[in-house]
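Let me begin by presenting the structure, written as structure tokens, before commenting on it.
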Amino acid sequence: MNNVHVGSPVMFGTPVMFGTGKEAEFTRPVAEPPWVEWEPRIFVGVLDTGCDPHPWFAGRSGFEAVPEELDADDDSGQDRQAGHGTFVSGVVLQHAPGAIVRPRRVLSSLGFTDDYTVAAGLRALRRAAQRRGEPVDVVVLSSGCRTIDDRCPDVLTAALEAMSPAVVVAAAGNHGSTRPFWPAAAPEVLAVAATGPDGKVAPFSNTGDWVDAAAPGVDVRSSFVRLTSGGGRRYGYARWSGTSFAAPRVAAVVATALQADRDPARARELVEHFYPYATALPEPVAAE
């Protein structure tokens, strides 16, 4: 069985059902992350819609653009999820400016993918790193699915196991449900819920005992690419909400920790310290 995945802000996510609009919104300029080079270098794979050569990325050491598909359905308008990967990569860079982002396109600009495409993307990321002689330190996944039997698809389980010792961080999904969302719910993956301005888990975010961390995911601001009327591209900034944008925040903490001591177990401990899930849960409402 091959399950269809949806990007965290699409279909069941914040922009569709929870009132923030189904597309990223314009926002004022965001401060560019500093240009620094870490030693040792830390490589973060971002499996998403790609990453355009936005000014934040173009010219940075090691960056290789994977241009976004902005209008896959050829309707002369920007697709709902176009720019998503550039936005997610920007969140990583804001909080881990020395990381080298390795984008890989596995999610369509309309917000869909499937088990085999994600698994193939993980394999391709790993093999490309092997050819370069570099590690894959952290992986960010922002799409996922539910399954009939609430078990992780076998093809994803195998692909995730092969990524060790990389730390895989995934969006918990935006269904407002406790039902497992794969691959985030896999035990080897850090599943990240989204919090709002009050520090509590946002109503749209999935929750459950399979979630590991909770990070800001409401009105996140980051790098973005837009389709112009002439079919060109314009680089700027956007505001967006969803667990897709909480996951790269956590991935940045992991990357920073690995840069310090390259200990994945310690990195996970720091995530639990800085972005604890249990304390972000709303207080239960007392019965009257």
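Just so you know, all these numbers are worked out from the coordinates, no wet-lab data involved. What you see is a predicted model, and the numbers here were worked out from it, not measured in a lab. All Cβ positions, even for glycine, are placed from backbone atoms using ideal geometry, and neighbour counts span all protein chains on display.
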Segment residue 274-residue 124, extension gain: residue separation times 0.36 nm, minus the distance between their alpha carbons: 50.9 nm
Computed FRET value (nearest 0.05) for residue 219 with residue 283, which takes r as the C-beta separation and R₀ as 22 Å: 0.45
R0 of 30 Å, Cβ-Cβ distance residue 234-residue 112: FRET efficiency to nearest 0.05: 0.75
For residue 195, distant residues with modelled amide H under 5 Å away: 202, 215, 217, 218
When the stretch 149-245 is reduced to its Cα atoms, the Kirkwood hydrodynamic radius in Å: 14.8 Å
Nitroxide proxy distance, nm - points 7 Å out along Cα→Cβ at residue 32 and residue 58: 1.1 nm
Relative pair counts by distance (%), Cα atoms of the chain, 5 Å bins: 1, 6, 13, 19, 20, 18, 13, 6, 2, 1, 0, 0, 0
Gained length - residue 75 relative to residue 41, 0.36 nm times residue gap less alpha-carbon distance: 8.1 nm
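Counting helices only, and only those DSSP H runs with n ≥ 4, report the 222 nm mean residue ellipticity of the chain as the sum of -39,500 (n - 2.57) divided by its residues, in deg cm²/dmol to the nearest 500.
Numbers: 6 runs with 69 residues, N = 288.
Helix-only estimate at 222 nm: -7500 deg cm²/dmol.
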